[in-house]
Amino acid sequence: MVDYELSILIDRPAAEVFEYVTNPQNIPQWASYVQDAAQTPAGQMRVGSQIKQIVRGGEVTWEVTAYEPNSLYKYEADYWYASNAEVTFRVEATQGGTEFTVHDKGERKGFMRLLAPILGRNNYRIRKRQMATIKEILERANSPGS
């Protein structure tokens with residue numbers, strides 16, 4: 001089972017961080033395994049929206065199960081090697097900018113259960129890199145001279 005939480009401080013306003021991390025078009029910028037991502041239906045993100053990601057080896061469709069503007073975003077999916085996969089983004093304004101927290105949770109299916117400890121550590125490292133990339137993109141895009 002995967003179940004971990006990571007946080008990072010980003011020197012940008014909470015609304016800006018939330019907008020960036022919840023916009024499906026931005027996902028390929030910070031998740032290297034995602035080639036494309038799109039929301040259906042188009043328009044305002046809300047509970048029930050679906051995010052279709054084209055990833056190496058196929059596609060995954062996530063459903064938004066919680067959405068509180070500038071605060072909370074949660075999406076869930078079942079796919080070929082994982083069940084009950086859920087990802088929660090929380091954004092909170094702090095004195096130093098914004099605390100961005102990600103909670104990943106899910107279970108492996110079939111033979112992938114045997115690899116769960118290795119895959120869990122790998123997922124953790126990947127998520128940590130993704131969060132650092134998000135921080136770098138947002139802080140660089142708004143720094144003087146950019």
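Criterion first (hydrophobic (A, V, I, L, M, F, W, C), part of a strand (DSSP E or B) and crowded, with 16+ Cβ neighbours inside 10 Å) does ALA85 satisfy it? Spelling it out, ALA85 is indeed hydrophobic (A, V, I, L, M, F, W, C), part of a strand (DSSP E or B) and crowded, with 16+ Cβ neighbours inside 10 Å.
Among the residues of the range 1-56, the ones that are of a type in the set (D, E, K, R), under 14 Å from the mean Cα position of the chain (by Cα) and under 18 Å from GLU136 (Cα atoms) come to 1 in all. Taking residues in the range 1-19 that are under 9 Å from LYS135 (Cβ atoms) and part of a strand (DSSP E or B), and partners anywhere that are acidic (Asp, Glu) and modelled with pLDDT of 95 or more, the pairs with Cβ atoms closer than 9 Å and at least 6 places apart or on different chains are ILE8/GLU99; LEU9/GLU99; ILE10/GLU16; ILE10/GLU99; ILE10/GLU139.
Here is a yes/no grid of residues against (1) under 20 Å from ALA85 (Cβ atoms); (2) modelled with pLDDT of 95 or more:
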{"position": "ILE10", "(1), (2)": "no, yes"}
{"position": "ALA15", "(1), (2)": "no, yes"}
{"position": "ALA37", "(1), (2)": "yes, yes"}
{"position": "THR40", "(1), (2)": "yes, no"}
{"position": "GLY43", "(1), (2)": "no, no"}
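Okay, residues lined up against (1) touching a strand residue (DSSP E or B) at 6+ places or on another chain (Cβ under 8 Å); (2) assigned to a helix (DSSP H, G or I):
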residue	(1), (2)
PRO28	yes, yes
SER32	no, no
GLY48	yes, no
ILE51	yes, no
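Looking for something within 19 Å of the chain's Cα centre (by Cα) and at pLDDT 90 or above - is there at least one such residue anywhere in the range 114-127? Yes, some residue in the range 114-127 is within 19 Å of the chain's Cα centre (by Cα) and at pLDDT 90 or above. For the range 24-50, the set of residues classified as more than 18 Å from ILE126 (Cβ to Cβ) and surrounded by 14 or more Cβ atoms within 10 Å (Cβ to Cβ) consists of PRO24, GLN39, MET45, SER49, GLN50, listed by residue number.
The values are calculated or read from the model by the stated rules, or taken from the named source; none is laboratory data. None of these values were measured; they are calculated from a predicted model. Neighbour counts run over all protein chains shown; Cβ positions are idealised from the backbone, glycine included.
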